[in-house]
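Just so it is clear, none of the values below were taken in a lab; they were calculated from the coordinates. Every value quoted in this text rests on a predicted model; they were computed, and no experiment measured them. We place every Cβ from the backbone using ideal geometry, glycine too, and count neighbours over all the protein chains shown.
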Amino acid sequence: MVQTNIITLKAVNKIFSEDENANQVLSGVNLKIPTGSVFGIIGYSGAGKSTLIRCINGLETPTSGTIHYQDTVVNQLNEKELINLRGQISMIFQQFNLMPQRTIAQNVALPIKYKHLDKQVVNDKVDKLLDLVGLKDKKDDYPSSLSGGQKQRVAIARALINDPKVLLCDEATSALDPETTDSILSILKELNTKLKITVVIVTHEMKVIEQVCDQIAVLDNGKIVEQGDVYDVFAHPSQPITKRFVDTTTNLKIDKAMYDAWRLPSNSLLVRVTYNNENTIDPVISNVARKFNVDISILLADIKLIQNKLIGGLIISIEGYEDDIKNAYEDFIHNDGVLVEVIDDVE
């Protein structure tokens, strides 16, 4: 089956000019977002993430380059055409943007208020969407009575009222606690699966990418420096910034206090073993221990599931005679799908 792209960016540049100063926020961005995917765009603050996503639905106009939504060039549309486009490319934000003086139901219905639809049709649609996000019993309440997570659920329901093909999420979970973030991400994944909506998530948190995204683009100083399948990027990050992001999701960090607590014998080697393919659960460690007559202790472990494939690693100590330790370490190196490094500098 041929994969189609619902959004394509070609050589997109965005320069903000203030007085005589020019600030290039996006530089030569080329990006393809597959139809029906959950696509993550990650970068640190100031990388240009919000500008990029606002260009996609025409809230910002690129200085040069083109943005395509299916067969439409977004940055060639007039204001009326852009308004119609935003019915197809909807958006949720970090700050919810709910109207405090309107009920939950009224907030959800707001984007279609002036479309002169039958009142019962609107009510039925609002009820269906609030039920979808688990808030049907809150329809007559006001935003002030809701938690942050509930407010974001309302914002999601409101974004879906026009039956969009694309849902843009601009740091939509950044103001939420971890448990609430998980629930919002679950809803977004469910929308993608059930309604076949393409979801684009802009974030600075790799854990968000890890949980729900199919593909990822890494944005650094306005440039896409790495992109691809989420599992492949986690397993083989090629850029320093991507490696830093991946490191934020691992529990394999050692400090001096932890190292001292282990009280490793002098005849030992401290090693980090990283798995990066489907062979994660292969009994590599027990095989090496038996083969070379060494003792191997697992000191730390961090194995996770990404896109239904296992990835992660271990911190181990290899103990025994010097030659046996050396041979065991070299055997690890030659195992397919296993990366090994000696840890000899603990701060």
Between region 52-89 and region 201-232, what is the C-alpha centre distance in whole Å? 22 Å
Given a Förster distance of 35 Å, the FRET efficiency implied by the Cβ-Cβ spacing of N251 and V121, rounded to the nearest 0.05, works out to 0.10
Which of K32/K207; K14/K165; K10/K253; K32/K243; K80/K207 have a Cα-Cα distance over 29 Å? K10/K253; K80/K207
I need the Debye-formula profile for the chain: one equal scatterer per C-alpha, no solvent, reported as log10 I(q)/I(0) at q = 0.09, 0.12, 0.15 1/Å, two decimals. -0.61, -0.92, -1.21
Write down the percent of antiparallel bridges among all DSSP beta bridges whose residues are both part of the chain, to the nearest 5. 70 percent
In straight Cα distance, which aspartates and glutamates are under 13 Å from K196, not counting same-chain residues fewer than 8 positions off? D163
Fewest first, what order do F16, F234, F93 take by the number of other Cβ atoms within 10 Å? F16, F93, F234
Over the chain, relative contact order from alpha-carbon pairs under 8 Å, at least 6 apart, %: 17 percent
If you build a Gaussian network model of the chain, linking Cα atoms that sit under 10 Å apart, which residue out of F96, F245, F332 swings the most? F332
Return the percentage of antiparallel bridges among DSSP beta bridges fully within region 150-230, rounded to the nearest 5 %. 55 percent
Eligible aspartates and glutamates near K309 by straight Cα distance, threshold 18 Å, same-chain separation 8 or greater: E210, D214, D229, D232, E278, D282, D336
Å³ per residue enclosed by the Cα convex hull of region 256-342: 85 Å³
What is the spin-label model distance, in nm, from L77 to V225 if the labels are put 7 Å beyond Cα along the C-beta direction? 3.2 nm
